[in-house]
Amino acid sequence: MLSAAHEDVVREHIAEKIIASGGSIPFSEYMALALYAPGIGYYTAGSTKFGAVGDFITAPERGNLFAKVLARQCAAVLGETGGDIVEFGAGSGRLAAGVLAALEKRDALPETYRIVEVSADLRDRQRSLLTQRVPELVDRVRWEDTPPTSSWAGVAIGNEVLDALPVERFRIAADGVQQLVVGCDDLDMKPRWAPASAALAENIERLQSQLGRQLPEGYESEYCMMLEAWLRAAAGRLKRGAVLFSDYGYGRNDYYGDERTRGTLTCHFRHHVHDDAFINVGIQDITAWVDFSRTAEALDAAGLDYIGYTTQSQFLLGGGLVEMLEERGRDRRIAAEARELTLPGGMGERFRVMGFARGLGTKLAGFSGRDFGGRL
């Protein structure tokens, strides 16, 4: 676990950027530095982020059920297209290990399992875990700095990746849209509201037009300016196959609902959840929930076809979870894991899975249940 001394290093780095920029930076830049500053950011420095000894637990960290269901979907796609699996932000590597192990049993391995990972520290951790769990398959894994830049076929997957894209914080004021900027006093971060950039103001005006209503004065939320460009880079070169994203989020109308007046920004520190992004700088996670309406529109604009949008619970049940539980009989540990992944009050409903495809005839069982596309 990184210490307060490391936090001071990150604060000093951000303060230097603030001073060099004339006294303030947009919140999105602050968030990017806190999470991804080379060698010292939350995701790039050497601390344990995932699991019981980290700051939060993702679905793959709870066991192998999520990975096994996802592997079935990948096998269905690869059976038609061949090619690779591309995973964006592989975390601890547990999802990759689980998917590869399950695909090996199904004789459905991809040509290459490509992990797009910006963190050298996480790459080392992923390689170590894969070597431990699937040593015979490590040679099939390749780490890359960027999304594919040439045409490829197969499956792209991203679990809790979109929520970590830097966002702008905005507020509706009497005189127009404001955005949060961050200054500093020595190593203390000093957030304040300032007139929004022309680009952000234009996007918030467009957002309100899409909502069909004006957000009330004082309303605060987030807007990810880079979402479309990131998705275009992630999926644009897929010539045949599917993209599957799982994350916590809402459709646009729910995301910017009247009751959600302070947005969705969330921080995770040693399994404590709060909304103060200016403490534990560089040693806590900072996320914002995903606008799945914009995600769908961006993938559609990239030329992909809608497959489905459903809850994690529906995805797992449709994808074969019940069969897996029946195969394991009275295994209490597996049953407990299944409950954690599917219960309505927890991950089962809060997390959503979205699928898009290009040139794919195969239907994916994970989307055979209830579809929530009408909420986008």
- For segment 317-376, what is the largest minus smallest coordinate of the Cα atoms on each principal axis, given in angstrom and ordered from greatest to least? 40, 26, 14
- Query: Can you give the Kirkwood hydrodynamic radius for the chain, in Å, rounded to one decimal and based on Cα pairs?
  - Reply: 21.5 Å
- Query: Leaving out ligands, DNA and RNA, what percent of the accessible area of segment 267-376 is carbon and sulfur, probe 1.4 Å?
  - Reply: 49 percent
- Task: Obtain the nm distance between the two label points defined at Ser21 and Ala173 by a simple spin-label model: each point lies 7 Å from its Cα along the Cα-to-C-beta direction.
- Result: 1.7 nm
- With charges set only on the Cβ (+1 for Lys and Arg, -1 for Asp and Glu), what does the dipole of the chain come to about its Cα centre, in debye to the nearest 20? 1140 debye
- Averaged per residue, what accessible surface does segment 217-272 expose to a 1.4 Å probe, in Å²? 42 Å²
- Query: Could you give the distance between the Cα centres of segment 256-291 and segment 81-121, to the whole Å?
  - Reply: 29 Å
- Query: To the nearest 10 square angstrom, what accessible area does Lys190 show with a 1.4 Å probe?
  - Reply: 100 Å²
- Task: Give me the accessible area of Asp258, 1.4 Å probe, in Å² rounded to the nearest 10.
- Result: 100 Å²
- So which GluC sites (Glu not before Pro) in segment 195-277 end up in coil per DSSP with only 12 or fewer other C-beta atoms within 10 Å? Glu217, Glu259
- Query: So what does log10 I(q)/I(0) come out to for segment 92-176 at q = 0.12, 0.13, 0.24 Å⁻¹, using the Debye formula with one equal point on every Cα and no solvent?
  - Reply: -0.45, -0.50, -1.35
- Over segment 1-148, give the accessible area per residue in Å² for a 1.4 Å probe, as an integer. 39 Å²
- Take the Cα radius of gyration of segment 39-158 and divide it by 2.2 N^0.38 Å, with N its residue count; two decimals is plenty. 1.02
- Item | Computed over segment 142-277, Cα set: Rg, Dmax in Å | 17.6, 52
- Query: Residue by residue through segment 189-203, which ³J(HN,Hα) values in whole Hz follow from phi under the Karplus form 6.51 cos²θ - 1.76 cosθ + 1.60 (θ = phi - 60°), with glycine and proline marked x?
  - Reply: 7, 10, x, 7, 8, 9, x, 5, 4, 4, 5, 5, 4, 4, 5
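The values are calculated or read from the model by the stated rules, or taken from the named source; none is laboratory data. The model shown is predicted, which means the values in this text are computed figures rather than measured ones. Every residue, glycine among them, receives a Cβ derived from its backbone with ideal geometry; neighbour counts consider all protein chains shown. SASA here: full protein model, heavy atoms, side chains in, ligands and nucleic acids out. Shrake-Rupley method; radii C 1.70, N 1.55, O 1.52, S 1.80 Å.
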